[in-house]
Amino acid sequence: MEIKIVAVDEDAKSLQNIERIGREIENVAEFTAFESPIQALEYITHNPKDVNVVFAEIEMGEMNGIEFVDKVHQVNEDIKAVFLTLSPQYALRAFEVDAIGYLLKPADPRQVQRQLTKAVRFTAPAQKPRIFIRTFGHFDVFVDGVAVRFSSAKAKELLALLVDRRGGVVTMAQAIGTLWENRAYDDSVRSLYRNVLQSLRETLSQAGISEIFINSRNSRSVNTTKFECDYYQLLDGKNRGITSFNGEYLTDYPWGAVTLEAIRQKLEKQ
C-alpha cells in the first residue's frame, strides 16, 4: 500500500531530514512538508482523503503538535499521527490523541520505516461491517448492505428497543410496557409478546445474525460487539456517527423521543 505523508516542523533542518528519509522509502507516494502547522492544517482540510499519515513536531510556536493532531482528526479521524520530539517525556501525551508512535530527533531511516510500516497496517482499508444497524431516521438492519426483512413489525420494534438500550437487559414487563403501553399486563399480552419474541429469533436466524441477540431468562439484550450502529458511533464521538445524524431517531417509535432529546443535548454541548 502506498501512503501519502504530511510533515510539519518549525525546525527547517529537522524537517529537511525527515523529508529526505521519507522520500527515499519505497512505499511513500507523496511527501508534503510544512514549517507552519497552520498551513499544514489548511492543506489537510482541503485534501482530507489524500493524507494517510502526519509527522508533527510536538513543540511548535504557532500551534503545538498535540493541538495540531487533534484538529487533523476533526478533519479526518483516519489519518495516523507520528510525533517528532527531542524528549521522550511527551510519549504519553502523544498516545492521548491516538498517535501511533513518536520519533526522537534526529530521526533515522529505520525508525521512520518502522512507523510507516505501522501506519500501513493501521491504514489498510477496513472491511465493511457485515452487520450495520441504522437508527437515525427509520430503523433498519443491514447484512452485507442488504436490509433484513421482518415478518412482524413488533419484532422489529422489539429489536429497536434492545438496540436503544445499548446492551442493557430488557425484561418481559419492560418490553410489553413499551411496545403495548395501553394494554393490561395479562396472559393475553404476555402470549403476544412470546410470539413476537419467537418471530424476532426466527428472523435473525434466517438472516444469519443470531449472534447479535442475547436471550436470558425473562430478559433480552443485544451483543453490541457484534454489529456497527450509527447511534453508538455518535456516542463514541466518531465523525461518521456525528455527520450521519439527520435530526431524527427511530422515527417510527414514539418512545425513541427520550433518546433523541439526549442526543441533541449531547451535540449542543460539543
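The values are calculated or read from the model by the stated rules, or taken from the named source; none is laboratory data. All figures in this text were calculated on a predicted structure; none of them were measured in a lab. So basically every Cβ, Gly included, is an ideal-geometry build from the backbone, and we count neighbours across all protein chains shown. Surface areas here come from the heavy atoms of the whole protein model, side chains and all, with no ligands, DNA or RNA. Shrake-Rupley method; radii C 1.70, N 1.55, O 1.52, S 1.80 Å.
Some values worked out for this structure:
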read-out	value
All Cα pairs of the range 119-270, percent lying beyond 25 Å	32
Furthest towards positive pole of dipole, SER152, ASN195, PHE31, structure part the chain, Cβ charges	ASN195
At R0 = 41 Å, FRET efficiency that the Cβ-Cβ distance of ASP50 and THR251 yields, to 0.05	0.65
Whole-percent carbon and sulfur share, accessible surface of the chain, 1.4 Å	46
Dipole axis of the range 201-257 (+1 Lys, Arg; -1 Asp, Glu on Cβ), positive-most option in ASN218, ASN239, ALA257	ASN218
Residue-normalised accessible area of the chain, expressed per residue, 1.4 Å probe, Å²	53
Over the chain, relative contact order from alpha-carbon pairs under 8 Å, at least 6 apart, %	14
Lys, Arg +1 and Asp, Glu -1 on Cβ, resulting dipole of the chain about Cα centre, debye, nearest 20	1320
Relative packing of peptides 7-13, 192-198, 144-150 - highest average C-beta neighbours within 10 Å first	7-13, 192-198, 144-150
Cα shape, the chain, gyration tensor, a/c 1.5 rule	prolate
